[in-house]
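These notes concern the structure reproduced below.
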Amino acid sequence: MKSFKVFLLVGLLIGAMGIMSMAATFSIYDWWTAGGEAQAIATVLNMYHQAYPDVTIVQNPVAGGAGVNMQAVIKSLIFAGVPPTTFQVHAGWEMYQYASANLLQPITNLWQSEGWTNVFPQRIQQICSYNGQFYAVPMDVHRANMIWYNKAIFDKLGLTMPTTIQDFINMLPKIKAAGYTPIALGDSANWTTAMLFEETLLAVAGPDKYNQYFEGKITASDPAVQQTIQYFKTELQYVNPNHASLTWDQACGLLVSGQAVMTIMGDWANGYFMAAGWKPNVDYGGVAVPGTEGIYNLVVDSFPIPVGAPDVQTGYDWLKLIASVPAQAAFNQIKGSIPARIDVPTTGFNPIQVANMEALKKDVLTASAVHGSEAPVAFVTDWENALTVIQYHPDMSLQACVNLLNMTAQQDNLAGTVASANVNY
Ligand code: GAL
């Protein structure tokens with residue numbers, strides 16, 4: 001009996017040593033491959049490596065802004081039963097689609113034991129949770145309603161950034177007449193065109209109607225949406241002719257090369273410009289899209305742990321790291337965004353980021369539909385395609401555009417889906 005116990009003990013020890021020496025793997029998917037964002041994620045992965053040197057990190061970056069390609073890859077992996085340890089997902093509806101199908105692990109205990117409910121704003125906590133449970137941890141806060149401009153050309157043409165969308169529209173012919181592309185667009189993937197519409201809608205309709213539109217409570221027949229369609233069609237007349245062959249960051253590159261003057265893009269563009277060696281408020285400016293001052297249109301990148309994630313502890317360690325003050329500071333300073341935590345000092349952030357950190361405290365918060373937060377994913381996909389149809393048929397009547405947009409909302413049962421979802425607005 002005694003020798004059996006010794007045998008058992010030795011066996012257990014060997015087993016434990018085996019487990020200890022088996023290096024854990026942390027596998028992560030993200031779509032941060034452009035200038036600025038690639039450096040930002042590399043910096044945090046390096047922090048992770050410093051903290052957990054024995055863990056093998058397998059980073060799987062899938063190019064395609066807004067996650068257009070990565071999201072398809074993740075769905076295939078999950079359906080095949082081989083999810084990674086974690087993956088980038090927009091907080092809000094994009095995350096809800098996994099949570100509502102029980103594909104993510106609830107992490108409410110972690111949120112509570114780490115005290116995260118005290119350091120992340122209420123609205124962000126809402127979009128990181130579904131049906132009363134937390135499922136994701138926010139890495140950043142991006143602002144979708146930003147416009148970026150080449151300061152040298154602005155000065156040369158004697159321009160100042162307008163504060164209304166109508167004045168912005170009025171300015172476009174003047175810039176074109178001076179020989180520049182007024183609005184840089186890179187819509188090789190159509191989410192960038194949809195951003196033009198989304199941010200214009202926010203300017204025209206204001207935050208309440210904006211929310212109502214994406215909740216299916218008002219339709220495209222509403223005068224504010226009709227006005228948005230008209231502005232959107234006008235804006236599209238002032239973009240670079242090669243827009244369909246460029247990505248969002250290549251479009252930003254047109255500002256750096258001095259071919260284009262402005263671009264409407266989230267503040268990942270801020271990270272791109274910094275990585276390109278441009279100085280904020282010297283070479284480029286970035287402010288709220290005209291008519292949206294005082295509104296913060298949120299885009300929140302977050303990370304969940306899928307059900308069946310391998311080496312799950314490495315995932316929890318990742319979540320703890322990215323929620324920490326040092327990681328939120330290091331990542332967002334490079335990324336162009338601002339921390340999701342409210343207690344990160346402004347030191348080390350550029351002046352555009354500091355202004356946004358102030359704005360977040362007092363602005364009305366809305367959330368981006370294009371970037372997965374504000375509206376159901378199926379609707380957004382169809383709605384973006386409808387906008388592309390409008391883009392490529394400039395002769396479509398206003399009524400035909402309204403009908404097309406209304407049809408997408410109806411066929412996807414936007415109002416019903418939003419009303420019946422277990423989400424907290
Ligand atoms: C957004 C994402 C940002 C940035 C951008 C371009 O959807 O939230 O972090 O990566 O796409 O890829």
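Some points to look at:
- Rounded FRET efficiency, nearest 0.05, which uses the C-beta distance separating residue 22 from residue 293 and R0 of 60 Å: 0.65
- Rg/Rh (Cα only; Kirkwood hydrodynamic radius) as it applies to region 292-344: 1.07
- Relative to the Cα centre, the charge distribution of region 264-408, modelled as +1 at Lys and Arg Cβ and -1 at Asp and Glu Cβ, gives a dipole magnitude of about 340 debye.
- Relative contact order computed over the chain (Cα-Cα under 8 Å; 6+ residues apart), in percent: 27
- In this structure, the amide hydrogen of residue 367, modeled 1.01 Å from its nitrogen in the peptide plane, lies closer than 5 angstrom to those of 298, counting only residues at least 5 positions away or on a different chain.
- When Rg and the Kirkwood radius Rh are both evaluated on Cα atoms of region 48-96, their ratio Rg/Rh stands at 1.02.
- Listed residues 252, 401, 128, most fluctuating in the chain (Gaussian network, C-alpha, under 10 Å): 401
- Added length on full extension, which subtracts the Cα-Cα distance from 0.36 nm per residue, residue 82 to residue 208: 41.3 nm
- Kyte-Doolittle mean at least 1.0, axial Cα span of 24 Å or more - DSSP H helices of the chain: 2-21
- Average silhouette area of region 307-425, convex hull of alpha-carbon atoms, in square nanometres: 11.6
- Ranked by the mean number of other Cβ atoms within 10 Å of their residues, highest first, the peptides 112-118, 271-277 fall in the order 271-277, 112-118.
- Virtual spin-label span in nm between residue 75 and residue 399, 7 Å along Cα→Cβ: 3.6
- Cα gyration tensor of region 150-272 - equivalent ellipsoid semi-axes, whole Å, descending: 26, 17, 13
- Separation of the residue 230 and residue 164 label points, Cα + 7 Å toward Cβ, nm: 1.4
- Rg of the Cα atoms in the chain, relative to 2.2 N^0.38 Å, amounts to 1.05.
- Computed from label points 7 Å out along Cα-Cβ, the spacing between residue 113 and residue 279 is 4.8 nm.
- Residues 233, 156 arranged by fewest to most Cβ contacts within 10 Å: 156, 233
- The chain: calculated mean residue ellipticity at 222 nm from DSSP helix runs of at least 4, using -39500 (n - 2.57): -15000 deg cm²/dmol
- Per-pair calculated FRET efficiency, R0 = 60 Å: residue 312 and residue 176 via Cβ, rounded to 0.05: 0.65
- The length gained by stretching the chain between residue 358 and residue 343 to full extension, at 0.36 nm per residue less their Cα-Cα distance, is 4.2 nm.
- At q = 0.12, 0.20, 0.21, 0.27 Å⁻¹ the log10 of I(q)/I(0) for region 156-212 amounts to -0.37, -0.89, -0.94, -1.12, computed by Debye summation with a single uniform scatterer per C-alpha, solvent ignored.
- Computed E for residue 421/residue 156 - FRET, C-beta separation, R0 56 angstrom, nearest 0.05: 0.65
- Compared with the direct C-alpha span, the chain from residue 58 to residue 392 gains 116.2 nm at full extension, assuming 0.36 nm per residue.
- Listed residues 132, 204, 168: farthest to the positive end of the dipole of region 125-262 (Cβ charges): 168
- In a simple Cβ point-charge model (Lys, Arg +1; Asp, Glu -1; nothing else charged), the chain has a dipole of about 580 debye relative to its Cα centre.
- Three principal axis lengths of region 104-156 [C-alpha, angstrom, descending]: 56, 19, 16
- Close amide H pairs (under 5 Å, H built 1.01 Å from N) link residue 134 with 107, 108, residues at least 5 positions away or on another chain.
Every read-out reported here was derived from the displayed coordinates using simple, explicitly stated rules and does not represent laboratory data. Because the structure is predicted, anything quoted here is derived from the model rather than measured. Here Cβ is always computed from backbone atoms with ideal geometry, including for glycine, and neighbour counts include all displayed protein chains.
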